[in-house]
Amino acid sequence: MEKMKHKKIAERMNRMSYQNFNVSVYCPVGNINKITDFEAFDEKLKHLYQNVKLGHAYLECYRGMEWCDKEQLLKVKDFFESKGIATSGGITTCDDSNNEGFVSLCYSKEKGQEILKKAVALNAEVFDEFIFDDFYFLNCRCEECIRQKGDRSWSQFRLDQKKYITEEIIMKTAKGINPDINVIIKFPQWYEDYNETGYDLVMEPEQFDSIYTGTETRNPTYSQQHLPKYISYFVMRYLESAAPGRNLGGWFDPYECTYNITSYLEQGYLTLFAKAKEVTLFCLDSLIKDSSFMAFAPALGQMFKEMDDWLSQLGEPVGVAAYRPGYARGENNVHNYLGMCGIPFEPYIEYPKQEKVIFLAEGAACDADIVTKMKESMLAGADVIVTSGFVRKLGDAFKEFVNVSYSPRKAIVNEYAVTKDNGVSVSGRYMGDKQILIPQMDYCTNDIWELAAAYGTDNNFPIVLRCSYGKGRISILTIPDNMGEMYHYPAEIWKTIRGLFAGEIPALLEGPSKIQMFVYDNDMVVLRSDLNYYESVSLRLKDKYTKVTELTYNKELPVIDGKVTLQLTPAVNYIFKLQ
Ligand SMILES: [Zn+2]
């Protein structure tokens, strides 16, 4: 059974409309029900398939109390397939109430269970595969849910209920009708809050045949979620580690992107830099009918063409091992803020004990065995880098390594210094472009060393602390209270911070924040600036590299003092081949 399942998924992943990936469009039930005149619809759909090589469409049968009947579903399926576009089903498990944001179906009541069962059965009758849009969360607090929850936390109640509903209603119904069906769960990009709403990154990849990744980032400042752009890359890789070989693709949408079409495309670039095998565009009518987004399909076409060329040349993604257990919480999005500052991560849902550089944020402290695991890594010579939030969460247990603690005191800082003698002293005065608020980390002089510091009034506070432990080292990175304010650390501070991660990276970025870096195992490096202005940056190379070619503009860059320097244009991908 297991082998058959994997064979089917492997076959599906080889179905590509481009050389390196497939493109799919998600068609919500409301869009599908409007299709009556297929000739007129084809005229509209041309806007998408004449710009984008469309290989696949998800056809939804239920969302928010609206249904598509089997007859219409089959007609639309036939239409897409007559155009050479493969089809799968889709379900969005929400209710229609709009009184309180999005409302999930309530499975404590018969009605919610019946809707789910009916939607699953319809999909299994019509398709060999269907996907759950990322509304398969639980947020109902009705009287019946309160009664069934009992003494459990909401999180535990929802995890328990969802496990049962998935097994008993979804999988039994789907497999009972169509034993070979591929049932896909799409996980949202808000991975920090999964467990609170019943998403379970440990159990659900086992329950479902395959998974899918939401890579929507939209507008990091002015939209409701907290979404640094680097998420589109990070969450793809993170979910890949949760279901290796079964993460079928990444999914994004145009909403809250009209302020800047590049911000829309960036979701696609990053999804593909993370090596998604399929990109799903949400949603059909927004892309072919809504005047707000009519410019998006032609732009997508150009992006896919460009990326298809690059992806043929990029190896497997690599980066600094970032451990985040599936049930972690803490320092929401810290990896993504750091990713926006030129630190390339490769996330791991299991502790990466084989790695020589390991990054641990607050969420990693949720692992009850983390101290033992860190100890083993460092005794074997690893560099472990932790955040101030990790130290806070671990509390006294952190003192196994060194007596550093997270004090309740804060400091407002704007001037910085770095060490040039391994922490014996700090020197220089580097200005941030804005004052920021940082926690004061308590440490013991001469027991651990400040590699970077922020000046206060007749005082200074650590930004980076480091000491040895066994054959390895432990470093502590201070994260500002508002993580976005990390962007105000000056370039000199970033040089020290990025240096902590140097072990496993072929080249280090020298320059300010808001420049992303992606690294591949065939000596390829990508830089992408999210600054609004042109900025000169350098790549400091590992000794073995003597030649650098930048492929976007096809230019060999002179290597001077072990580094290459170039000016980055905002929102352009620079692809480097290191030799
Ligand atoms: Zn309820």
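No lab work stands behind these numbers, since they all come straight from the coordinates. It should be emphasised that the depicted structure is a prediction, and the values quoted were computed from it without experimental measurement. Note that we place each Cβ from the backbone using ideal geometry, even for glycine, and neighbour counts take in every protein chain shown.
Quickly estimate the mean residue ellipticity at 222 nm for the chain, helices only: each DSSP H run with n ≥ 4 gives -39500 (n - 2.57), and the total goes over all residues, rounded to 500.
-8500 deg cm²/dmol
Which value, in Å³ per residue, describes the convex hull spanned by the Cα atoms of the stretch 279-420?
Details: hull volume 31.9 nm³, N = 142.
Cα convex hull per residue, to the nearest whole number: 225 Å³.
Evaluate Rg over Rh across the stretch 507-579, taking Cα atoms for both radii and Kirkwood's formula for Rh.
0.92
Of all GluC sites (Glu not before Pro) in the stretch 185-246, which ones are in loop regions per DSSP and have a Cβ with at most 10 other Cβ atoms within 10 Å?
When the GluC sites (Glu not before Pro) of the stretch 185-246 are filtered for loop state and at most 10 Cβ neighbours within 10 Å, nothing remains.
Cα to Cα, under 17 Å, and not fewer than 8 places away if on the same chain: which lysines meet these conditions relative to K471?
Those lysines meeting the cut-off are K353, K356, K373, K375.
Rounded to whole Hz and in sequence order, give me ³J(HN,Hα) for the stretch 559-569 from the Karplus expression 6.51 cos²θ - 1.76 cosθ + 1.60, θ = phi - 60°, writing x for Gly and Pro.
Residue by residue, the stretch 559-569 yields 8, 10, 6, x, 9, 10, 10, 7, 8, 9, 7 Hz.
Angle between the Cα long axis of helix 261-273 and the longest principal axis of the chain, 0 to 90 degrees, nearest 10?
So the inclination is approximately 80 degrees.
Using DSSP to define loop residues, name the chymotrypsin sites (Phe, Trp or Tyr not before Pro) in the stretch 152-225 whose beta-carbon has at most 11 other beta-carbon atoms within 10 Å.
Y222
Hey, any idea what the orientation-averaged projected area of the convex hull of the stretch 51-107's Cα atoms comes to, in nm²?
Values: hull surface 21.5 nm².
So the Cα hull casts an average projection of 5.4 nm².
Under 19 Å between alpha carbons, and skipping anything fewer than 8 positions from K399 in its own chain: which aspartates and glutamates qualify?
Within the straight-line cut-off, K399 pairs with E362, D367, D369, E376, D383, D442, D447, E450.
With every atom except the alpha carbons ignored, what do you get for Rg and Dmax of the stretch 68-199, in angstroms?
So, for the stretch 68-199, Rg and Dmax equal 15.9, 54 Å respectively.
At 0.692 mPa s and 37 °C, plugging the Kirkwood radius over alpha-carbon pairs of the stretch 362-516 into Stokes-Einstein gives what diffusion coefficient in µm²/s? Walk me through the numbers on the way to the answer.
Working: Rh = 15.9 Å.
The estimated diffusion coefficient comes to 207 µm²/s.
Two decimals is fine: what is log10 I(q)/I(0) at q = 0.11 Å⁻¹ for the stretch 2-312, from a Debye sum with one equal scatterer on every Cα and no solvent?
These q points yield log10 I(q)/I(0) values of -0.65.
Could you list the residues of the stretch 350-374 with an amide nitrogen less than 13 Å from a label point located 7 Å from the Cα of S153 in the Cα-to-C-beta direction?
Only 366-367 fall inside the zone, counting backbone N under 13 Å.
In degrees, nearest 10, range 0 to 90: what is the angle between the Cα axis of helix 2-13 and the longest Cα principal axis of the chain?
Taking Cα atoms only, the helix is inclined about 90 degrees.
How much FRET efficiency would the formula 1/(1 + (r/R0)^6) give for T445 and H47, where r is the Cβ-Cβ distance and R0 is 51 Å, rounded to 0.05?
So the FRET efficiency works out to roughly 0.20.
Report the charge-dipole magnitude of the stretch 2-312 in Debye, nearest 20, computed about the Cα centre from +1 at each Lys and Arg Cβ and -1 at each Asp and Glu Cβ.
Value, rounded to 20: 540 debye.
How many nm separate the modelled label positions at K70 and K163, each set 7 Å beyond the Cα in the direction of the Cβ?
Each label point is offset 7 Å from its Cα along the Cβ direction, giving 3.5 nm.
Near K53, which lysines are there with a Cα under 19 Å away, not counting those fewer than 8 places off in the same chain?
Those lysines meeting the cut-off are K44, K77, K83, K275, K277, K289, K305.
Each label point is 7 Å from the Cα along the Cα-to-Cβ direction; what then is the distance between the points at T372 and S312, in nm?
That separation, rounded to one decimal, is 5.0 nm.
What is the diffusion coefficient of the chain in µm²/s, taking the Kirkwood radius over Cα pairs and the Stokes-Einstein relation at 20 °C with a viscosity of 1.002 mPa s?
After rounding, the answer is 85 µm²/s.
Give me the number: length gained by fully extending D285 to K555, i.e. 0.36 nm times residue separation minus the C-alpha to C-alpha distance, one decimal in nm.
93.1 nm
Taking 20 °C and 1.002 mPa s as the conditions, I'd like the Stokes-Einstein D for the stretch 196-262 in µm²/s, using the Kirkwood hydrodynamic radius from alpha carbon pairs.
Working: Rh = 13.1 Å.
In µm²/s, the coefficient is 163.
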